[in-house]
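Right, one structure below, let's go through it.
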Amino acid sequence: MVNELSQIDHLFKELIALLSAESQVDPYNVQFLKYVEERRSLVKQTDGNQAKEAIRGINRYSDEFAFSDAHAKKIKDIIDSLYDLVNC
């Protein structure tokens, strides 16, 4: 469980770094960055069911944003990895 939490935290840090870079290119993406930061703190404080719901929300909300070719696949992969970790 501790290892899982550190993996989740690492993935969130990676995702936030990518979204920060994306926000420099397209300021509209700042909305998604803030949403992910809020969900990260929620995931740290909640049980498994609420963490799942928070990551589902991130996945759904990400569809409303366009990311550069340089980061789009990595962002999606990280979100998928987060989802897989909370569904173990």
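Rule-based calculations on the coordinates, nothing more; no lab input. Keep in mind it's a predicted model, so treat the numbers as computed, not measured. All Cβ positions, glycine included, derive from the backbone under ideal geometry; neighbour counts span all protein chains shown.
Below, the figures for the structure above:
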item	result
Degrees, to the nearest 10: 48-62 long Cα axis against longest axis of the chain	10
Value at 222 nm in deg cm²/dmol, rounded to 500, when DSSP H runs of n ≥ 4 in the chain each add -39,500 (n - 2.57)	-27000 deg cm²/dmol
Selection from Ala70, Leu5, Val30, by position along the positive dipole direction of the chain (Cβ)	Leu5
The chain, dipole about Cα centre (Lys/Arg Cβ +1, Asp/Glu Cβ -1), debye to the nearest 20	100
Selection from Ile16, Tyr83, Thr46, by position along the positive dipole direction of the chain (Cβ)	Thr46
Net charge over other residues, Cβ less than 12 angstrom from the Cβ of Lys74 (K, R count +1; D, E count -1)	-3
For q = 0.11, 0.12, 0.19, 0.23 Å⁻¹, Debye-computed log10 I/I(0) when each Cα of the chain counts as one equal scatterer	-0.26, -0.31, -0.79, -1.14
Leu15, Leu42, Leu33 arranged by Cβ crowding within 10 Å, fewest neighbours leading	Leu42, Leu33, Leu15
Nearest-ten-degree value, helix 30-45 long axis tilted from longest Cα axis of the chain	10
Relative contact order %, the chain, counting alpha carbon pairs below 8 Å whose residues are six or more apart	36
Label-point gap, in nm, between Leu42 and Ala21 - each point 7 angstrom along Cα→Cβ	2.7
Using alpha-carbon coordinates, inclination of helix 72-86 to the longest axis of the chain, degrees	10
